[in-house]
Amino acid sequence: MACSRSTNHSQVPLVHRFELGEGMQLQVNVSGSSNGRDAKVELQLRNCSRTWILHWGGTYRGQMNWVIPDDLPSGTRSYKQTALQTPFMKQDYEDALRELQSQLSKGISLDELQNTSQAASAKKTADNKKRHILVNSPTSSIYHRRLDVSQWLHKPFKGHAKGSGLRESALLDLVEKSMGGDNVILRQNFHVGDHEIAVLLKIVRGDYQILVAVNMKGATVLHWGLLKLTSGEWLAPPPEMLPERSKLLDRACQTYFKDMQTGEGFFQFVHINLQQSDFVGISFVLWSGGSWIKNNGSNFSIGLKPMNPKCRKGEGDGKGIVKWLLDEISQREKEAERSLMHRFNIATELTERCKSEGELGLIGILVWLRFMACRQLTWNKNYNVKPREISAAQDKFTNLLQTIYSSQPNDREIVRLIMTSIGRGGQGDVGQRIRDDILVLQVYRYIYILICECAYIYITFLHKNNDCKGGMMEEWHQKLHNNSSPDDVIICQALLDYVRSDFKIDVYWRTLNANGLTKGMLASYDRPIVSEPRFRADTKEGLTRDLISYLRTLKAVHSGIDLESAIENCMGYSSKGHNFMNGIQVSSVGGLSLRLQGCLNFVKMHIDDRNIIPLMEKLLGARIELHPILLTSHGRLKDLLFLDLALASAIRTTMERGFKDLNNAQLPDILFFFSLMLENLCLSTVNNEDFIYCTKFHCSLDFLSQIVGLMLLPKDWYRICESYKPNDEQWALQTKAVLDRTRMALADKSQYYQKMIQPSAQYLGDLLGVEKWAVDIFTEELTRAGAAASLSMLINRLDPILRKIANLGCWQIISSVEVCGFLNAVNEFITIQNKVYKKPTIIVANRVSGEEEIPDGVVAVLTPDTPDVLSHVSIRARNSKVCFATCFDQSILRDLKSKEGKAISIRLKSTSLIISDISSSEISSGPFVSSSLPRGVTLKKKSFGGKYAVSAEEFTSDMVGAKSRNIQFLRGRIPSWINIPTSVALPFGVFEIIMSEDLNKDLANKVSSFGRLVHGGDLSKLRAIQETILQIKAPAQLVYELKIKMKCSRMTWPGDEGEERWKQAWQAIKKVWASKWNERAYVSCKKANLNHDNLCMAVLVQEIISADYAFVIHTKNPLSGDTSEIYTEVIGYPSKQIGLFIKRSLIFRSDSNGEDLEGYAGAGLYDSVCMDKEEEAVLDYSCDRLIVDKGFQLSLFSKIAEVGKIIEGVYHSAQDIEGVVKNGEVYVVQTRPQI
């Protein structure tokens, strides 16, 4: 990556004059830079009366072809997408003269007019200079514009769980309502013009029954056939399966639709009882109004699912996979490996049939085809197939993918991944040219056919074109004729490289091997290639020309995301024929903007440039221009999709090419590339809300225009950098927060892929005998090949720079304790939380969520993850004297993991950790081992005090826990501007007393039985206890007392809004009680030697405050222990991704007698439950006052800090305080002593 710094190339303006005849003259004024950048060309026509048009285009140095530039004069139009036409604008001298006379008539002097003109001229010059500086800055040489990335936002459609692409359908709803919606296992609808076809598949008394309905009127016929497992061909149904008004044909059946008129609408339907057949589905088309109605040129297909799928252990219930699909793929692989034609035809059929399975169905197809693309499956076996047949099969499959992409927006990301694994294909001569054009390479120059008067006489003149007949070329010829594949693109490229290198055979093999082809693989083809190429030196020129042409032919079929091929396919191209062969003419795609054409022309010319900055801008610019077109039903959508995929791939590979030059890059350069790669990811991702908001928050035009001259950046990266100054600590902290959020979004995306894709890869890989290593890394490699990988690498480059500016170091120490122990590396900390280590152990864990328990024997936890410093595990670590720290330096982590099983010591030095190797003997005698078990903590069982509900004034230590008492204690002791929510509670003992009543006695016995099993070590029964508690019934007295207490406290009684609202409230209360038996809480009690049976749960009831911000205050810095510092976290600001939003409701808070024991961090172990379900929303901070209004930010932080100071003064001890801010008002919802 070379950055071309601006230099002074100004020149004296040039003037050219041309006589055009009849007295007309053309004057061309050229000014600006002599290197061609920022040059200005002005054309003037003189002595003309009519309107004239300039027909023009640009050219690159040394090139003859016209290209479309980016910046165009007003009024310019495209001419056949190959040139531009701009009308000359008249300069009206008379209008100017009249304006001057008007100004003079108002009393303005000539001197004043002259000064005004000079000022305007000076301003224009200054503006031009400013523009010149921006354009020639090191990271931008193209155009500047401000993007609204919100237009790229795509939230998944939350409709039917499976058929994620299923549109809302009034017809489907009408059919279900009219014909019955019970036992439906599949709902599917199709749209063809104004027609809608709705399909319901049911299982009734063990029989498959299918209902096809249409919104058409008049005579309509269903032309249908059955599909067998081993073939995609239609079969006629048996006579006993025929519906009324049906006629059997040779391999199909025709059935007339019946009319159905209801009070809500009209439709026609056909009802077919498929019985308990072993068919895998049906295919059909419609006849109506004198024409056939098809599904984008193909048949409509509906797949039948197995009624009782038998699942393997572990893959089990089929969760996470579409088992019937993967099983069928496995059964049909023998057929698929015959040729690529067979594979793509089967793929088309199965994709049609699994449409109703939504994303998981497409994932099954993706896994299968990617195994194929990675050569884990056989491409051709004992079958000869013509290239045009392969091409036609690909074309049919990609047409189907195009339809799915348009109609199922949620599945677009998976469709894109499938398309990266296949070629474009095409009908007609697209594939046939592979077979024909190889002849040009080998022998034939032309064939003349001479027709004599009495008979046909064929005289063939053979001219040895490239003299390549025989040997390797003949072997390749035979392969191409009988089983062409993507390998042929590699072979052709290797031959081209070989010829260009003056026939060096090692170059040929180097290209083959670099792309995965070996001698053994060439020899393994059905038509093996065992010879090496041998060409005469004098054939170099002809071979180079013909191989380039043939490579284009091969890529047109086999290389969907090859950039050059994708651009040519969309921009159009032509090549001359070879005498008896037809030339190639590919028409351009309509609707491409001039800017897009300009970007693509630039990319073609500069794809291998060492200076990657202009290239990256144009690649991304092309994607941005393409994006709105991809959301339409364009006739050549798949060509545009392949182009977009090729551009995205080129951005990634270009960025990877430039990484080596980023080692010495300045911060602005890295920010520039980070922004481009973040935008690139936004354009490649369906569920991109988090990435969009990261992007919006990440850019500042004012900042970047000063230091980078950056174009193509979203509007709100501005926010983060408006106050940028070199080495500005606050700016670095904000930027680091956004970086952390982006990293978390990438991690979530990776985990989503792992969760959704890897199970199918594992299951299908086992069935097909795919090598284990290929299965194990399947999803990981899929992720690495996408847009996220380069962005992740840029984050790793940017992070240490920001940490240095912010003085953060490479460690964040959450619990500062010096220890020593034996190192053990794990992936997820939660997987070992119940383990007991018999010797002091230092854990290095890749993932720490913050909710885990620290295992017995663990003296330190080190992680690259970023758990909240106020999370449960953080508090537990500080309380238990366990060293806990986050490491941001990957090299340190790699070194630590290499010490697996070895003894090390951890010492503190300022804000860092010093890690040293020690001998194992030093551990037994060293002073560093600490215990994670609290000592001397007891739990006193509480009894029922006779009341089912108590008001805040009745809160005592015998009635409620510290959570309730502490909040009540503040009333009257703090200023009125600090608000306290109204509260009531269900006191200690209420749960136990209602479990002893007759209406819940059977459930109590079940809980007791499960409890004995839990005490015996079967922790799986904890879940059974929780489920049992959720079934208990509320005594009438409890309902009555709670209602009275809430109404007397002026709280809303949920029962006033209907019985259903009370049921919701009661369910929430039960969930709080049930949380006593969550595994983490039970294990924690056991570790602390606390009697779990003595734990009692009160329930604090409060109205929810729909807040603008939530906060947590520690009035003593929990990291350093400094009592002079107040540590405050405003929840979400600004690295948190998700916010929970809820309407006005109630919250039921756990308030046990085990949450605030001295020396035991019980807070957070039990659940608080809202009566209504919270809605998750991805947070957009870009316009938040907390970010954009520094005055508001300072005021809010000061007010929150003042709250902490006041409450600490009330209790005379450090406090852990939780609260919210609503419309500037502060509410404290709980406080407790800080541990």
Rounded to the nearest 10 Å², what accessible area does Met571 show when all protein chains are kept and the probe is 1.4 Å?
40 Å²
Name the shape class, rounded, prolate or oblate, that the alpha-carbon gyration tensor gives for the stretch 248-305, where a ≥ b ≥ c are the square roots of its eigenvalues, rounded holds for a/c under 1.5, and otherwise prolate holds if a/b is larger than b/c and oblate otherwise.
oblate
Quick one: accessible area per residue over the stretch 170-303, 1.4 Å probe, rounded to a whole number of Å²?
46 Å²
For the stretch 170-303, the accessible surface attributable to carbon and sulfur atoms (probe 1.4 angstrom, ligands and nucleic acids excluded) amounts in percent to 47 percent
Return an integer: the convex hull volume of the alpha-carbon atoms of the stretch 809-917, in Å³ per residue.
84 Å³
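Roughly how many Å² is the accessible area per residue of the stretch 531-657, as a whole number, for a 1.4 Å probe?
Values: 4720 Å² over 127 residues.
Result: 37 Å² of accessible area for each residue.
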I need the peptides 589-599, 170-180, 254-264 ranked by packing, meaning the mean over residues of other C-beta atoms within 10 angstrom, with the highest value on top.
589-599, 170-180, 254-264
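Probe of 1.4 angstrom, ligands and nucleic acids ignored: what's the accessible area per residue over the stretch 950-1233, in square angstrom?
Details: 12530 Å² over 284 residues.
That works out to 44 Å² for each residue.
Going from most exposed to least, what order do Ser339, Ser891 have by accessible area with a 1.4 Å probe? Present the calculation step by step, with values, prior to reporting the outcome.
Details: Ser339 0, Ser891 60 Å².
Greatest to least solvent exposure: Ser891, Ser339.
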Under the rule a/c < 1.5 gives rounded, and otherwise a/b versus b/c splits prolate from oblate, where does the stretch 602-687 land using the Cα gyration tensor?
prolate
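From the P(r) of the stretch 950-1233, can you give the percent of Cα pairs sitting at distances over 34 Å?
Values: 9701 of 40186 pairs.
So the portion of pairs separated by more than 34 Å is 24 percent.
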With a 10 Å radius around each residue's Cβ, average the other Cβ atoms per peptide and rank 1201-1214, 991-1004, highest first.
1201-1214, 991-1004
With a 1.4 Å probe and all protein chains left in place, how much of the accessible area of the stretch 726-774 comes from carbon and sulfur atoms, in whole percent?
56 percent
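Just check the stretch 795-852 against the gyration tensor rule for me: Cα atoms, a ≥ b ≥ c as the square roots of the eigenvalues, rounded for a/c under 1.5, and otherwise prolate or oblate depending on whether a/b exceeds b/c. Present the calculation step by step, with values, prior to reporting the outcome.
Numbers: a/c = 2.66, a/b = 1.86, b/c = 1.43.
Taking the square roots of the gyration eigenvalues as a ≥ b ≥ c, the stretch 795-852 is prolate.
Take the Cβ-Cβ distance between Met241 and Lys755 as r, set R0 to 41 Å, and report the resulting FRET efficiency rounded to the nearest 0.05.
In this case the efficiency is close to 0.50.
Show me the GluC sites (Glu not before Pro) within the stretch 770-835 that DSSP assigns to loop and that have at most 14 other Cβ atoms within 10 Å of their Cβ.
Working: sites: Glu771, Glu780, Glu781, Glu818, Glu828; in loops: Glu771, Glu818.
Sites meeting the loop and neighbour criteria: Glu771.
How much of the accessible area of the stretch 911-1069, in percent, comes from carbon and sulfur atoms when a 1.4 Å probe is used?
Taking all protein chains in place, the stretch 911-1069 shows 51 percent carbon and sulfur surface.
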Longer than 25 Å from Cα to Cα, which of Lys1043/Lys1071; Lys1063/Lys1222; Lys519/Lys555; Lys1021/Lys1086 are they? Say none if no pair is.
Lys1063/Lys1222
Using the alpha carbons of the stretch 170-303, what is the convex hull volume per residue in cubic angstrom, as a whole number?
111 Å³
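The values are calculated or read from the model by the stated rules, or taken from the named source; none is laboratory data. No experiment lies behind these values; they were computed from the predicted model shown. Note that each Cβ is placed from the backbone with ideal geometry, even for glycine, and that neighbours are counted across all protein chains shown. Surface accessibility is based on the protein's heavy atoms, side chains included, excluding ligands, DNA and RNA. Shrake-Rupley method; radii C 1.70, N 1.55, O 1.52, S 1.80 Å.
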